[in-house]
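Take a look at the structure set out below.
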Amino acid sequence: ANGSVRELQGVINSLMAYSVVYNCDIDMQLAQRIIKRSVKVNEEPLTIDEIIESVCQHYNVTTANVNSRSRKKEYVMARQVSIYLAQKYTKLSASRIGRMVGGRDHATVIYSCNQVEQRIKIDKKFSSEMHKQFELSVLFFTPVLLPRYGNIVLVLRQHCFSATATLL
């Protein structure tokens with residue numbers, strides 16, 4: 001996918017046409033089937049380096065800062081978010097993630113994940129930031145349907161497209 005609006009419109013039109021012709025609801029399964037036919041999907045697994053790079057860009061820190069022993073607030077936050085996303089989106093063990101993020105141990109990884117999860121629960125701004133900035137725009141291809149709003153969101157590596165689908 002090259003990220004063009006026309007390509008996105010084509011996928012949405014295909015989805016809506018299929019729904020009308022076959023008289024079926026637009027659901028996750030249908031969206032995945034249509035999108036796989038319409039869009040070339042990069043199915044390479046997400047790497048911890050990609051996660052760290054993306055988090056560093058968002059928090060305006062370097063990978064050296066994330067991997068350092070520094071306890072500066074912005075470095076700690078970027079480090080914990082990187083660890084949390086690595087735990088969530090890679091198949092790496094906690095000890096492996098810890099070794100790859102500044103040589104930390106598995107207990108630090110578990111603690112970081114708990115800290116981020118707790119903050120997501122109590123801080124709505126942070127929760128929204130995590131969802132919008134990282135889970136939707138950075139990670140890997142995941143079609144997401146938000147039927148309550150009638151939206152179809154397509155995430156293709158570092159590009160996020162959103163469109164409202166209105167059925168006639």
TODO: Would you kindly give the portion of the calculated P(r) for the stretch 19-97 that falls above 18 Å, as a percent of all Cα pairs?
DONE: 56 percent
Open item on the list: For Lys124, give me every one of the lysines with a C-alpha distance below 22 angstrom, ignoring sequence neighbours fewer than eight places off in its own chain.
Closed with: Lys73, Lys88, Lys132
Open item on the list: Using the basic label-point model (7 angstrom from Cα toward the beta carbon), what is the Cys24 to Arg96 distance in nanometres?
Closed with: 3.6 nm
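Readers should treat all values here as calculations from the given coordinates under stated rules, not as data from a laboratory. The shown structure was predicted, so the numbers you read here are calculated from the model rather than taken from an experiment. All Cβ positions, even for glycine, are placed from backbone atoms using ideal geometry, and neighbour counts span all protein chains on display.
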